[in-house]
1. For residues that are more than 20 Å from the chain's Cα centre (by Cα) and without any contact (Cβ under 8 Å) to a residue 24 or more places away in the chain, scanning just the stretch 34-50, find the one that is farthest from T111 (Cα to Cα).
2. Looking at A78, A55, A37, A62, which is the one that is modelled with pLDDT of 80 or more, of a type in the set (A, V, I, L, M) and either touching a Lys or Arg at 6+ places or on another chain (Cβ under 7 Å) or within 30 Å of T143 (Cβ to Cβ) (or both)?
3. Out of the residues in the stretch 105-146 that are surrounded by 13 or more Cβ atoms within 10 Å (Cβ to Cβ) and over 17 Å from the mean Cα position of the chain (by Cα), which is nearest to E82 (Cα to Cα)?
4. Can you tell me how many residues in the stretch 125-142 are in contact (Cβ under 8 Å) with a residue 24 or more places away in the chain and under 13 Å from I22 (Cα atoms)?
5. Go through the stretch 66-75 and count every residue that is more than 26 Å from A123 (Cα to Cα) and either part of a helix (DSSP H, G or I) or modelled with pLDDT of 80 or more (or both).
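The values are calculated or read from the model by the stated rules, or taken from the named source; none is laboratory data. Remember, it's a predicted structure, so these values are computed and weren't measured experimentally. Counting neighbours? That spans all protein chains shown, and the Cβs are built from the backbone with ideal geometry, glycine included.
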Amino acid sequence: MPNITDTFTEDPNAAYAVAGLIIFVTILLWFVWVSPALSSLRWHFHNLIGSLRDADNDWSRAIEFVEASDTSIATVDAAWRETQRRVVSIPRADVSEFRLLNAPTDLWSPTRLLAQRVNLPLAEAVPNLLVGVGLLFTFAFLTLAIHHAAQVINVPGATAAANTDFVQ
């Protein structure tokens, strides 16, 4: 049975294959796991923004337009419902102004909206894991290269003068 170090030292394409596999799996995870969630969220935001534009600064119409639009993502729907609860009517002369009580950043943050669809701690850790794997392979192959260099320099039966001529 061949040793794994022999496979990597004798066939340089093996290292490229492992690196390619790591890159392929990373790209596959992006397109299968993260990208669909982001695309879906982006589509629902465009729907929501279009509905709000159609309302023309009229809060009652905005509520109607958003209710009529498709907000099938639970987190977007929950954020919209909470936004509705936070809006208060302030009577001014002959019109009512609508104001939001708190800042909407806690409701509409990307972390909150993506938390149910994507494992965010893992998604944030993936770049660090890839750097760790890269460092692991760097030092593993450096060790193999130094080991091979030491074997070439310390050929049994060679004289010290021959070894120095080879190194120079």
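1. The qualifying residue farthest from T111 (Cα to Cα) is G50.
2. Of A78, A55, A37, A62, the one residue that is modelled with pLDDT of 80 or more, of a type in the set (A, V, I, L, M) and either touching a Lys or Arg at 6+ places or on another chain (Cβ under 7 Å) or within 30 Å of T143 (Cβ to Cβ) (or both) is A37.
3. That would be L107.
4. 4
5. 3
Yes/no per residue for (1) touching a residue at least 12 places away in the same chain (Cβ under 8 Å); (2) touching a Gly at 6+ places or on another chain (Cβ under 8 Å); (3) in a strand (DSSP E or B); (4) hydroxyl-bearing (S, T, Y):
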residue	(1), (2), (3), (4)
E64	no, no, no, no
R81	no, no, no, no
R85	no, no, no, no
P91	no, no, yes, no
F98	yes, no, yes, no
N102	yes, no, no, no
T105	no, no, no, yes
R112	yes, no, no, no
R117	yes, no, no, no
